[in-house]
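Below is one structure; the comments refer to it alone.
The values are calculated or read from the model by the stated rules, or taken from the named source; none is laboratory data. The model shown is predicted, which means the values in this text are computed figures rather than measured ones. Positions of Cβ are generated from backbone atoms using ideal geometry, with glycine treated the same way; all protein chains shown enter the neighbour counts. SASA here: full protein model, heavy atoms, side chains in, ligands and nucleic acids out. Shrake-Rupley method; radii C 1.70, N 1.55, O 1.52, S 1.80 Å.
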Amino acid sequence: MTPQRSTRRSLLRRAGFLGSALAVGSAAPAVAHDEGRGHHRPKGRRPSPVGSWSVTVTIEGVPEVEHAHYSFGSDGQLILQTHRHTHTGIGTWEPTGDGFVYVTRGLRSDADGGLLSELRIRHTARFRPDGGFVSTGTGQALDAGGNVLMEVQSTAVGTRFGVDG
């Protein structure tokens with residue numbers, strides 16, 4: 001493994017949720033059943049990401065799949081966390097014609113609390129026929145001075161969950 005590839009992998013592992021939030025998706029028709037809440041939504045009403053999601057992420061060039069949880073609020077807020085780290089990302093989302101777009105940011109510090117990097121991610125997602133979403137996108141890690149340390153591509157698959165499942 002080259003030193004550059006090793007550094008990239010190390011940054012990805014330490015960055016935590018960087019890959020978990022990446023999403024710009026493939027088209028899918030709107031769903032008529034809200035799987036996570038166990039009820040049907042009115043016909044003609046657009047699907048919404050509002051609620052809780054279990055997400056798996058595949059990061060280009062990284063063999064391990066990352067697992068995450070996303071929470072989309074009705075006020076346009078987003079919170080997410082991954083299984084590898086205790087990092088939490090915050091962001092915002094808004095609907096698009098056939099899905100939604102969201103951005104997240106997160107901070108990573110050193111052992112003394114100094115800022116190491118900021119993670120910035122932008123995603124556009126589309127709903128699947130089963131009520132989930134599939135997405136791909138780009139994320140960046142920036143150093144404390146705002147310089148890009150790395151950029152990655154990934155694919156995310158989200159499945160809604162609720163009280164009954």
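Quick one: in region 112-141, of everything that is of a type in the set (Ser, Thr, Tyr) and under 16 Å from the mean Cα position of the chain (by Cα), which residue is farthest from THR155 (Cα to Cα)?
That would be THR124.
Pairs please, first residue from region 106-126 and under 15 Å from THR82 (Cβ atoms), second anywhere and basic (Lys, Arg), Cβ atoms under 8 Å, 6+ apart in sequence or on different chains.
ARG108/ARG14; LEU119/ARG105; LEU119/ARG108; ILE121/ARG105
Please count how many residues of region 124-165 are among the small types (Gly, Ala, Ser), open to solvent by 10 Å² or more (accessible area, probe 1.4 Å) and either over 22 Å from PRO47 (Cβ atoms) or at pLDDT below 90 (or both).
Number satisfying all stated conditions: 4.
For every residue, the table says whether it meets (1) among the charged types (D, E, K, R); (2) modelled with pLDDT of 50 or more.
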| position | (1), (2) |
| --- | --- |
| ALA15 | no, no |
| GLU35 | yes, no |
| PRO47 | no, yes |
| GLY91 | no, yes |
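Residue-wise test of (1) closer than 16 Å to GLY158 by Cα; (2) in contact with a Gly (Cβ under 9 Å, 6 or more places away or on another chain); (3) at pLDDT 95 or above; (4) aromatic (Phe, Trp, Tyr).
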| site | (1), (2), (3), (4) |
| --- | --- |
| VAL57 | yes, yes, no, no |
| GLU64 | no, no, no, no |
| ARG84 | no, yes, no, no |
| GLY97 | no, no, no, no |
| TYR102 | yes, yes, no, yes |
| GLY106 | no, yes, no, no |
| ASP110 | no, no, no, no |
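One residue is enough: does region 89-102 have a residue meeting the conditions buried (at least 17 other Cβ atoms within 10 Å of the Cβ) and more than 18 Å from GLY51 (Cβ to Cβ)?
Scanning region 89-102, I find no residue that is buried (at least 17 other Cβ atoms within 10 Å of the Cβ) and more than 18 Å from GLY51 (Cβ to Cβ), so the answer is no.
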